[in-house]
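Participant: Pasting a structure here, questions to come.
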Amino acid sequence: QVQLVESGGGLVQAGGSLRLSCAASGRTFSNYAMGWFRQAPGKEREFVAAISSSGGTTYYAGSVKGRFTISRDAAKNTVYLQMNSLEPEDTAVYYCAAAYTSGSRHYTEYAYWGQGTQVTVSS
């Protein structure tokens, strides 16, 4: 079992930045690939970014590539999502998740989930 707790969400103006954090506890953090997903009201949960268990490989949705950066700190058991040049379309609840396999882009492939953190981007 892995417990995940997100933080860092909030309200920001378009063009601004936020950094989300996801602190993991429980089983060995380094065993898991990690991902970020988001869900806007009335929409399906969508893939944002993922990182391999070693941190050596990253994956991004086309809509955020070049603006968002995923990273992980093994010593702190934490994964981050740095979000720059935010747009109103980025408004959603953001979730971090843990998977057994790297590169997973569908939410059904993730075994553990955090509770989510709200990101609101005003125009």
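Participant: Could we say that T58 is among the β-branched types (V, I, T) and free of Cβ contacts under 8 Å to residues at least 12 places away in the same chain here?
Facilitator: No.
Participant: Please work out which one of (1) under 22 Å from S7 (Cβ atoms); (2) without any contact (Cβ under 8 Å) to a residue 40 or more places away in the chain; (3) among the polar types (S, T, N, Q) is the condition N77 fails and give its number.
Facilitator: The single condition N77 does not satisfy is (2).
Participant: Return only the number of the condition from (1) surrounded by fewer than 16 Cβ atoms within 10 Å (Cβ to Cβ); (2) in contact (Cβ under 8 Å) with a residue 24 or more places away in the chain; (3) under 13 Å from V121 (Cβ atoms) that Q1 does not satisfy.
Facilitator: (3)
Any read-out appearing in this document is the output of simple, stated calculations on the displayed coordinates, not a laboratory observation. What you see is a predicted model; the values in this text were computed from it and never measured. Because the Cβ atoms are built from the backbone with ideal geometry, glycine has one as well, and the counts that use them run over all protein chains shown.
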